Amino acid sequence: MDNWDEVRTAFQVARMGTVSGAAEVLGVHHATVIRHIDSIEARLGIKLFQRHARGYTPTEAGSDLLRVAQATEDQFNQLVGRLKGQGDDVSGELVVTSLAAVGPLLVPELAAFQEMHPELVVRYLTGDRVFRLEYGEAHVAIRAGAAPDQPDNVVQPFVSDTMGLYASRSYVERHGLPSGVDDFDGHVFVGHDSESSRAPFYRWLRNQVSEDQITFRCTDIFSGHAAIRAGAGIGFMSRWVAAQHPDLVQVADPMPEWSGKLWLVTHVDLHRTTKVQAFLKFLKERSKSWEI
């Protein structure tokens, strides 16, 4: 690409969602914005935006451009900060991704970090999909399981999530309490709907009980927690989650093979930026008080 003005214009249209919004940010006439979009789409031979009455929505290709441009802007902003001696500035977007189960722990810390840096816009993305840091989809990823091994990523150990096996008091009143993991006959369990779940505790459960004992199955962990509390069966929860529900009874002492490690992952190109470093330092310090 030999016309970076067009790339910058497309980036702002994707961010703002309208031609007028992008024109205001760029300080140009709206006709210039339209001309740049038409030109870059013709040059690339692909549509970057879907036009509609409310504005412009990025296509898949447009979203790819936005992610790459965001990462590039972050690096330029970091360079400008160093050149101007303003390397302590934390502003713009901070995009963090994790499994949704980590949200109750992470969201209060994100809010506290944003309060410290009023110029910051926080985007917290959750889901089972692995967001691609090399495409600028996130600045920081918090991932579970084995240490991520994607090339060009900086991986740091974070915290361990201790899992326990719990039942509601209503379940215990109806079915009794197993004396241990060898006394599961006659009991029913809450598990994941997919046999291919990567969670170590779900894999362990499928190896310990018969298929017909897993009578309540969910695709997300929050529904699983609700099912356990409702008395649908015995199931797994993080220890810090169970501690918030006094109606739960621990069925067995936690086993090492149930728990998983969490990792802080950043892309090498953005790892040393002021914004990322400030957030990593803050999060590591705050996590020391987590009772997990």
(request) Quick one: how many lysine pairs does the chain have with C-alpha atoms less than 28 Å apart and a gap of 8 or more or different chains? Give me the count, please. (result) 8
(request) In a Gaussian network model over the chain where Cα atoms closer than 10 Å are linked, find which of 264, 106, 177 has the largest mean-square fluctuation. (result) 177
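In the chain, what percent of the accessible surface is made up of carbon and sulfur (1.4 Å probe, ligands and nucleic acids excluded)? Kindly include the intermediate steps, with their values, before the conclusion.
Numbers: 7850 of 15450 Å².
The value for the chain is 51 percent carbon and sulfur by accessible area.
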(message) Under 10 Å, Cα contacts only: if you run a Gaussian network model on the chain, which one of 228, 40, 142 comes out with the highest mean-square fluctuation?
(response) 40
(message) Only Cα pairs within less than 10 Å get springs; with that Gaussian network setup on the chain, which residue of 160, 91, 179 has the largest fluctuation?
(response) 179
(request) Using a 10 Å Cβ count of at most 16 others and DSSP loop calls, identify the longest part of the chain lacking such GluC sites (Glu not before Pro). (result) 1-118
(request) Give the accessible surface of the chain per residue, rounded to a whole number of Å², with probe radius 1.4 Å and ligands, DNA and RNA excluded. (result) 53 Å²
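Rounded to the nearest 500 deg cm²/dmol, what is the calculated helix-only ellipticity per residue at 222 nm for the chain, with -39500 (n - 2.57) per DSSP H run of length n ≥ 4?
On the way: 10 runs with 117 residues, N = 292.
Here the helix-only value at 222 nm equals -12500 deg cm²/dmol.
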(request) For residue 159, list long-range residues whose amide hydrogen, built 1.01 Å from N in the peptide plane, is under 5 Å from its own amide hydrogen. (result) 262
(request) Using Cα centres only, tell me the gap between the range 106-126 and the range 1-34 in whole Å. (result) 27 Å
(message) Check which residues have an amide H placed less than 5 Å from residue 231's amide H, if you skip close sequence neighbours.
(response) 168
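In terms of the Cα gyration tensor, with a ≥ b ≥ c the square roots of its eigenvalues, is the range 163-258 rounded because a/c is under 1.5, prolate because a/b exceeds b/c, or oblate? Before the final figure, lay out the partial values.
On the way: a/c = 1.28, a/b = 1.14, b/c = 1.12.
Rounded is the answer for the range 163-258, as its axis ratio a/c remains below 1.5.
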(request) Enumerate the whole-percent occupancy of each 10 Å bin, from 0 to the last occupied one, for all C-alpha pair distances of the chain. (result) 6, 23, 25, 20, 15, 9, 3, 0
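Relative contact order of the range 4-83, please, whole-number percent, based on alpha carbon pairs below 8 angstrom and at least 6 residues apart. Don't skip to the end; give the middle numbers.
Values: 76 pairs, mean separation 24.1, N = 80.
Answer for the range 4-83 is 30 percent.
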(request) Would you work out which of 276, 236, 264 lies farthest towards the positive end of the dipole of the range 182-292, given +1 charges on the beta-carbon of Lys and Arg and -1 on that of Asp and Glu, about the Cα centre? (result) 276
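With a cap of 10 neighbouring Cβ atoms within 10 Å, and only residues DSSP puts in a loop, list the trypsin sites (Lys or Arg not before Pro) found in the range 118-203. Each step should come with its number before you reach the end.
Details: sites: 123, 129, 132, 143, 169, 174, 198, 203; in loops: 129, 132, 198.
Sparse-neighbourhood loop trypsin sites (Lys or Arg not before Pro): 129.
What relative contact order, as a whole-number percentage, does the chain give when Cα pairs under 8 Å and 6 or more residues apart are counted?
Dividing the mean separation by the residue count of the chain yields 21 percent.
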(request) Work from the charge dipole of the chain (Cβ charges, +1 for Lys and Arg, -1 for Asp and Glu, about the Cα centre) and give the residue of 17, 106, 27 farthest towards its positive end. (result) 27
(request) Would you grab the residues whose amide H sits under 5 Å from the one on residue 267? Only those 5+ places off in sequence or on another chain, please, with H modelled 1.01 Å from N. (result) 154
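The values are calculated or read from the model by the stated rules, or taken from the named source; none is laboratory data. Not measured: the values here are computed from a predicted model. Cβ: placed from backbone, ideal geometry, glycine included. Neighbour counts: every protein chain shown. Calculation scope for accessible area: heavy atoms of the full protein, side chains included, ligands and nucleic acids excluded. Shrake-Rupley method; radii C 1.70, N 1.55, O 1.52, S 1.80 Å.
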